[in-house]
Amino acid sequence: MSPKRHQIKQTAFVTFSSRALKERPRFFESLIKSIEKDSNYLISYKWFESKERRTSKEIYEKSLASIRAADICIAEASLNSIGVGQQIAYALQIKKPTIICIDTTIIKNTSSGFLKGTNASNVFFVYYTDLKDLQKKLVNIVTLVDNLAMEKFNFLANKKQKAFLLEESKKRNISKSELLRLIVDEWMDRNTLS
């Protein structure tokens with residue numbers, strides 16, 4: 001399908017409801033293969049293949065550890081699932097790039113108020129109609145997410161600037177770093193950088 005982007009594979013935490021897996025096993029088997037092959041990601045925790053019995057606590061701890069260790073989180077969220085919702089919330093809380101996939105043939109109303117209400121720049125929605133559509137869109141969005149990967153650098157501010165950043169970030173319910181990224185993005189949109 002698409003050429004390999006990186007020599008070094010990154011890791012993805014992939015989640016979907018157990019009910020969805022039971023209803024569409026071939027769909028999810030093909031999706032997993034596509035993520036690993038076409039998007040060039042290793043899946044960090046293949047809970048859906050595990051035959052061993054785990055306690056609820058072990059599942060919870062392994063899932064959270066896998067989300068923390070992954071480079072990206074991909075969630076198929078067409079069917080309601082408290083567990084998937086908690087995993088998405090945790091990934092967003094720790095600033096993990098998160099792709100939320102929604103099948104428009106299952107969910108006609110794609111305006112999830114709660115999910116879409118986030119101001120986070122690390123959440124991406126993919127609406128799809130079938131497996132091929134999702135595979136194509138995932139390759140494109142994963143490439144976009146890779147290009148948006150965060151890099152840390154130091155920033156020195158005077159007291160007035162620091163107070164401004166603190167006040168404005170609280171108003172918007174975002175971090176000071178997120179506010180700075182928004183300010184820089186807005187500036188870049190207004191000014192042509194060559």
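The values are calculated or read from the model by the stated rules, or taken from the named source; none is laboratory data. The structure presented is a predicted model; accordingly, all values stated were derived computationally and were not measured. Heads up, the Cβs are rebuilt from the backbone with ideal geometry, glycines too, and the neighbour counts pull from every protein chain shown. Protein only, heavy atoms only, side chains kept; ligands, DNA and RNA dropped before computing areas. Shrake-Rupley method; radii C 1.70, N 1.55, O 1.52, S 1.80 Å.
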(1) in contact with a helix residue (DSSP H, G or I) (Cβ under 7 Å, 6 or more places away or on another chain); (2) open to solvent by 10 Å² or more (accessible area, probe 1.4 Å): which one isn't true of I72, the others all being true? (2)
Give me the pairs: first residue in region 35-61 and closer than 21 Å to A20 by Cα and among the polar types (S, T, N, Q), second residue open to solvent by 50 Å² or more (accessible area, probe 1.4 Å) and in a loop (DSSP other than H, G, I, E, B), beta-carbon distance under 9 Å, and six or more apart or on different chains, which are they? S44/D71
Only one residue in T118, T98 is within 13 Å of the chain's Cα centre (by Cα) and at pLDDT 90 or above, so which one is that? T98
Between K46, K62, K22, K33, which is in contact with a strand residue (DSSP E or B) (Cβ under 9 Å, 6 or more places away or on another chain) and not aliphatic (A, V, I, L, M)? K46
Residues being over 23 Å from N122 (Cα atoms), of a type in the set (D, E, K, R) and open to solvent by less than 100 Å² (accessible area, probe 1.4 Å): count how many of those fall in region 154-194. 0
Does L138 fit the bill of being in contact with a strand residue (DSSP E or B) (Cβ under 9 Å, 6 or more places away or on another chain), in a helix (DSSP H, G or I) and at pLDDT below 85? no
So, I67, is that one open to solvent by 20 Å² or more (accessible area, probe 1.4 Å) and either among the acidic types (D, E) or on the phi < 0 side of the Ramachandran plot (or both) or not? no
Search region 7-50 for residues being over 23 Å from Q86 (Cα atoms) and basic (K, R), and hand back the single one that is least open to solvent (accessible area, probe 1.4 Å). K9
